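**Student:** Provided herewith is a single structure, encoded as C-alpha cells, for subsequent inquiry.
Here, each number is a calculation from the coordinates, and none is a lab measurement. Quantities reported herein were computed from a predicted structural model and do not represent experimental measurements. All Cβ positions, even for glycine, are placed from backbone atoms using ideal geometry, and neighbour counts span all protein chains on display.
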Amino acid sequence: MDIIKRSTVAFLLFAGCNMVSAHDFSATVGGQKIYFNIKSKTNKTVEVTYSGSIGDKKLPEIKGNLEIPAKVKHDNTVYSVVSIGAKSFSGANRLEGVSIPATVKSIGSFAFEGCTSLSKIIFPGNEVSFGEGVFFKCYSIKDLTFGSDWKTVDLSRFRWSDSLTVITIPAKIEKIQGLKSLKNLKSVTVDVNNARFSSFNGVLYNKDGKTLYGCPRLYSGVLKIKEGTEVISNNALIDCPNITMIDFPSTIKSYSFRETSRMSELETIVFRGETPVYTAYLGNEGKFVLQVVNSNVKIVVPNNSKKEYKLALVKDGGEFAESKEPNSTPYLVKADQLPKEANIIGVKNFSKYN
C-alpha cells in the first residue's frame, strides 16, 4: 500500500513539474525572448509557446515589434518554427506589432489574447489555420497584411478591434467571411488582379460589379452604387447607419426594402432608373416598398417617371417579404416607416448628384 502511495505522489510531483515548465527552451531573437516547445526531433520542428504555467499571472516580457523567426537553433540543432501555440502571447499588452514567417502553418487558440496594444500584423504568404479566439480582446489592430496565397479570409477573427477601419483583400482570395463583424470598418479595397471580387468607393462587389456584396458598417456620407450594378445582396447595406444619401444606378434590378430600414442619417435616395423596382412581396405580388427611419427622406427620380414612382410607392403599412417564395419571412412595416409621396422629386438630369 505504501508503495502505491509513494508512486502516486511521485507521479503527481512529476506532472506538477511539467505543468510549471511549458517550454523546452527559449531563444533571444531581436532582443526579445521567445519560448519554444519541440514538436518533432526527427523533423526538427518547434512551436512557439509561453513560459511557466498557463495560469501564471506574470505578463509576458514581449514588447514593441516582434518578428517571429522561421528557424531557431538549440543544442546545435536548427529547428523550423511551424506553429504558434495556444496562449503563446496571452496578456502581452506591450506587444505592438508581429510578423509571422512562412514556416508557420497554424496559430493556436487565444495565442494573442489580451494583446491590447497590438496594432500591426503581417501574416505569411501561405495559408494559416487558426484556433478559437486568436485575437480575443485585441482592441488596437488597424494594420493587417494578409497572405498573398490565401484563398479564404475570415474577418470575424478581428471583430474585437476598435481601430480596424480599412482592409485590403489580396488577389487570390476566393471567399470572404465576417465583413459585417468589423464594427468600425469604413472602406474595403480589393487587389485589381482578384478574379472573384472588386471594390468601388470602398464597397465590396463581385468581379464584374453586377452584385454589391457588402458595404462596411461605418461607411459614411454618400453611397454612390456603381453603374452596372444589378443586384444588392440581402443585408449588404442594412447596418450602415451613417449613410446620408444612396444613389441607385439605372441598371439596378433587385434589392430588399429592408436595406434602408436602419439608416438613421439617411436624407436622400436617388433612383436613376425609369421604372420603380420591386423591393418587397405581398404574397406573389411585387411591391415598391422603402422602409426608412426618417419618413421625410427625399426621393429623387427622373422627371418623366415621377408619376409612375408616386403610384408605385407603398404608403400603407403591412407585412412584406423579401421574396415571393412560400417560406420567405414577412416583416412588419409601419406607416410611419414609409416615405411620404410628397417627398418624391423629379429632375431633368442628375448632374447635381454626379
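**Student:** Need pairs with beta-carbon distance below 6 Å; first residue touching a residue at least 40 places away in the same chain (Cβ under 8 Å) and within the stretch 24-49, second among the acidic types (Asp, Glu); sequence gap 6+ or separate chains.
**Tutor:** Filtered contacts from the stretch 24-49: Asn37/Asp24; Asn37/Glu47; Ile38/Asp24; Lys39/Glu47.
**Student:** Do we have any residue at all in the stretch 124-138 that's closer than 26 Å to Phe89 by Cα, of a type outside the set (Phe, Trp, Tyr) and not in a loop (DSSP other than H, G, I, E, B)? Before the answer, list the steps.
**Tutor:** Narrowing the stretch 124-138 to residues closer than 26 Å to Phe89 by Cα: 124-138.
Within this subset, residues satisfying the condition of being of a type outside the set (Phe, Trp, Tyr) are 124-129, 131-134, 137-138.
Pick out the ones that are also not in a loop (DSSP other than H, G, I, E, B) and you get 129.
For the stretch 124-138, residues closer than 26 Å to Phe89 by Cα, of a type outside the set (Phe, Trp, Tyr) and not in a loop (DSSP other than H, G, I, E, B): present.
**Student:** Oh, and also: Of everything in the stretch 162-209, what is more than 25 Å from Glu230 (Cβ to Cβ), in contact with a Ser or Thr (Cβ under 8 Å, 6 or more places away or on another chain) and basic (Lys, Arg)? Give them in sequence order.
**Tutor:** Within the stretch 162-209, Lys172, Lys186 meet the criteria.
**Student:** Do you know which residues across the stretch 60-97 are within 24 Å of Glu127 (Cα to Cα), of a type in the set (A, V, I, L, M) and assigned to a loop (DSSP other than H, G, I, E, B)? So that I can check it myself, show each step before the final result.
**Tutor:** Step one: of the stretch 60-97, the residues within 24 Å of Glu127 (Cα to Cα) are 65-72, 78-90, 95-97.
Next, only the ones that are of a type in the set (A, V, I, L, M) stay: 66, 68, 70, 72, 78, 81-82, 84, 86, 95.
Hits for the stretch 60-97 are Ile68, Ala70, Ala86.
**Student:** Out of all the residues in the stretch 35-50, which are over 32 Å from the mean Cα position of the chain (by Cα) and in a loop (DSSP other than H, G, I, E, B)?
**Tutor:** Lys41, Thr42, Asn43, Lys44
**Student:** Residues that are of a type outside the set (Asp, Glu), over 26 Å from the mean Cα position of the chain (by Cα) and within 23 Å of Leu212 (Cα to Cα): list the strands (runs of 3 or more DSSP E) wholly contained in the stretch 231-350 that include at least 2 such residues. Even if it seems obvious, please write down each step before you answer.
**Tutor:** Values: elements: 243-248, 268-271, 280-282, 285-287, 298-302, 318-321, 330-333, 344-347.
Fully inside the stretch 231-350 and qualifying: 268-271, 280-282, 285-287, 298-302, 318-321.
**Student:** Now for a different question. Of the residues Leu164, Leu118, Leu179, which single one is in contact with a strand residue (DSSP E or B) (Cβ under 9 Å, 6 or more places away or on another chain), surrounded by 15 or more Cβ atoms within 10 Å (Cβ to Cβ) and within 22 Å of His23 (Cβ to Cβ)? Even if it seems obvious, please write down each step before you answer.
**Tutor:** Numbers: Leu164 fails: within 22 Å of His23 (Cβ to Cβ); Leu179 fails: within 22 Å of His23 (Cβ to Cβ).
Residue meeting the stated conditions: Leu118.
**Student:** Ok, one more. List pairs: first in the stretch 302-325 and within 19 Å of Tyr255 (Cβ to Cβ), second in a helix (DSSP H, G or I), Cβ under 8 Å, 6+ apart or cross-chain?
**Tutor:** From the stretch 302-325, the pairs are Leu313/Glu341; Phe320/Phe257; Glu322/Phe257; Glu322/Arg258.
**Student:** Report yes if some residue within the stretch 252-264 is surrounded by fewer than 21 Cβ atoms within 10 Å (Cβ to Cβ) and touching a Pro at 6+ places or on another chain (Cβ under 7 Å); otherwise report no. It would help to see each step written out before you state the result.
**Tutor:** First, pick out the residues of the stretch 252-264 that are surrounded by fewer than 21 Cβ atoms within 10 Å (Cβ to Cβ): 252-254, 258, 261-262, 264.
Next, only the ones that are touching a Pro at 6+ places or on another chain (Cβ under 7 Å) stay: 262, 264.
Checked the stretch 252-264: at least one residue is surrounded by fewer than 21 Cβ atoms within 10 Å (Cβ to Cβ) and touching a Pro at 6+ places or on another chain (Cβ under 7 Å).
**Student:** Say whether the condition of being within 19 Å of Tyr219 (Cβ to Cβ), in contact with a Phe, Trp or Tyr (Cβ under 6 Å, 6 or more places away or on another chain) and assigned to a loop (DSSP other than H, G, I, E, B) is met by at least one residue in the stretch 162-179.
**Tutor:** yes
**Student:** Considering each of Asn234, Asn206, Asn242 in turn, give the residue that is surrounded by fewer than 22 Cβ atoms within 10 Å (Cβ to Cβ), out of contact with any His (no Cβ under 7 Å at 6 or more places or on another chain) and touching a residue at least 40 places away in the same chain (Cβ under 8 Å). Explain how you work it out, then say what you get.
**Tutor:** Working: Asn206 fails: touching a residue at least 40 places away in the same chain (Cβ under 8 Å); Asn242 fails: touching a residue at least 40 places away in the same chain (Cβ under 8 Å).
So the residue among Asn234, Asn206, Asn242 that is surrounded by fewer than 22 Cβ atoms within 10 Å (Cβ to Cβ), out of contact with any His (no Cβ under 7 Å at 6 or more places or on another chain) and touching a residue at least 40 places away in the same chain (Cβ under 8 Å) is Asn234.
**Student:** Another one. Quick one: would you say Ile269 is loosely packed, with under 15 Cβ neighbours inside 10 Å and aliphatic (A, V, I, L, M)?
**Tutor:** On the way: loosely packed, with under 15 Cβ neighbours inside 10 Å: no; aliphatic (A, V, I, L, M): yes.
So Ile269 does not fit the description; no.
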